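What follows draws every value from the coordinates through simple rules; no lab data is involved. Everything numeric here is computed off the predicted structure, so don't read it as measured data. Note: ideal-geometry Cβ built from the backbone for every residue, glycine included; neighbour counts use all protein chains shown.
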Amino acid sequence: MLSVIIPSFNEENNVEPTAAALSKLLDQNNIDFQLVFVNDGSKDKTWEKLARIAQMDKRVAAVDLSRNFGKEAAIFAGLQAAQGDCAVIMDCDLQHPPETVVEMYNVWLDGDVDVVEGVKADRGKENFFYKCFSKLFYKLLNKASGLDMNGASDFRLLDRKVIDALNDMPERLTFFRALSSWVGYRTKKVYFKVAQRQNGKSKFSVGSLVKYALNSVTSFTSAPMQLVTGCGILLFLVSLVLGVHTLVRYCMGRSLEGFTTVILLLLITSSVIMFSLGIIGYYLSKIYEEIKRRPRFIIRDSLNLKHKDDRNISNGKDIDLNG
Ligand code: UDP
Ligand code: MG
């Protein structure tokens, strides 16, 4: 069975079309499936709509998070709830084409792959600034983490083995698309064209994207910390040169000049120190957040979900998957 995990945040106009499109296509292809919608604390009617769909079709399961935990947490809630032998993670706005789900499934069926990665053939309609930023971001991340993430997306199929491996990860601050590559396994790529968003607006503002980028980088590499060491070494070399220079001038009895140097040095060193403290502080705050061991998400309610251990027995009872 294939589980399709769909994180949804304020998608009241998208859940129905997405569920309908997926059900129709998967039925046509004779694929045994389950849709797992994760309502990520929507403020609109998303949950009501999901409840209605779930009531009509038992193959549509829904998990309701207690508040907006972010897309990452929603994906992990979906992974925990999914009962299929493999799962595809896709967006609720049909930007990830349903046909590609079938393609991924067939690649998986052909055997010998555990992860089928959806790679953006082109990035669709995005503004120039966003394109540059994401290019730079992935370049840095590729270099720092050693994972090839060009055109990477959250749209991918995972085998049960991989899902279990991800569910066993103890970390709380996750970066799904890198983490699912980091676990390894045999991977194949499938290219897809990013479609236009169906209804509504993107749920990510510039601010939240910057936060997401920072979070992702720091959860995958400590390179910024090494940058601090690099700055330290550089400043030390400069100070050696300047130190010799100052001493020579002192011996020649001309030590009163050089205020410009003093001011410049003060400005440069203090800003580098502040910047470095910021980086260290950021990592420290991440450690602080991790060490609290809070759950990644809290489930308020769930529909059409059976307990994992009796995946094949339908006792018709929903069991709370909290934890
Ligand atoms: N999403 C979510 N929680 C959030 C933000 C987004 O579950 O806090 C979901 C959203 O409902 C959608 C997917 O993540 O299904 C991708 O979001 P969106 O389309 O807004 O992002 P974009 O395509 O612009 O990158
Ligand atoms: Mg989208």
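List of remarks:
- log₁₀ of I(q)/I(0) at q = 0.14, 0.20 Å⁻¹ - region 187-296, Debye sum with one point per alpha carbon: -0.84, -1.13
- Rg then Dmax, both in Å and based on the Cα atoms of region 1-126: 14.0, 42.
- Residue with peak Gaussian network fluctuation, the chain [Cα springs, cutoff 10 Å], from Ile263, Ile280, Ile31: Ile263
- Rg and Dmax over the alpha-carbon atoms of region 196-243 stand at 19.3, 64 Å.
- Our analysis of the chain gives Rg over Rh at 1.12, with the two radii drawn from alpha carbon positions and Rh computed by the Kirkwood formula.
- Summarising the amide proton neighbourhood of Phe33: residues at separation of 5 or more, or on other chains, whose placed amide H is nearer than 5 Å comprise Leu2.
- With Rh defined as the Kirkwood radius, the inverse of the mean 1/r over Cα pairs, the Rg/Rh of region 139-196 is 0.97.
- Where trypsin sites (Lys or Arg not before Pro) fall in DSSP loop in region 208-297, at most 11 other Cβ within 10 Å: Arg254, Lys292, Arg293
- Dipole size of the chain about its Cα centre, with +1 on Lys/Arg Cβ and -1 on Asp/Glu Cβ: approximately 1020 debye, rounded to the nearest 20.
- Couplings 3J(HN,Hα) for region 289-294, derived from phi with the Karplus relation 6.51 cos²θ - 1.76 cosθ + 1.60 (θ = phi - 60°), are 5, 5, 6, 6, 6, 6 Hz, where x marks Gly and Pro.
- Compared with the dominant principal axis of the Cα atoms in the chain, helix 98-109 is inclined by about 90°.
- Seen against the Cα atoms of the chain and their longest principal axis, helix 71-81 is set at about 40 degrees.
- Among beta bridges identified by DSSP and lying wholly in the chain, the antiparallel ones come to about 35 percent.
- Maximal additional length on extending the Arg293-Met252 stretch stands at 8.5 nm, based on 0.36 nm per residue less the C-alpha distance.
- In terms of Cα atoms, the Rg and Dmax of region 110-251 work out to 21.4, 80 Å.
- Size descriptor, Kirkwood hydrodynamic radius, that averages inverse alpha-carbon separations across region 165-223, Å: 14.2 Å
- Comparing Val101, Val244, Val38 in a Gaussian network model of the chain, where Cα atoms under 10 Å apart are tied by springs, the biggest mean-square fluctuation is seen for Val244.
- Among Leu166, Gly207, Gly118 - extreme Cα towards positive end, dipole of region 118-241, charges at beta-carbon: Gly118
- Expected 222 nm ellipticity per residue - DSSP helices of 4 or more, -39500 (n - 2.57), all of the chain, to 500: -16000 deg cm²/dmol
- Extension gain, Lys193 back to Ser239 (0.36 nm per residue minus Cα-Cα distance, nm): 11.3 nm
- Alpha-carbon centroids, region 246-296 and region 142-187: separation in whole Å: 36 Å
- Gaussian network model of the chain, Cα within-10 Å springs - most flexible of Leu305, Leu234, Leu79: Leu234
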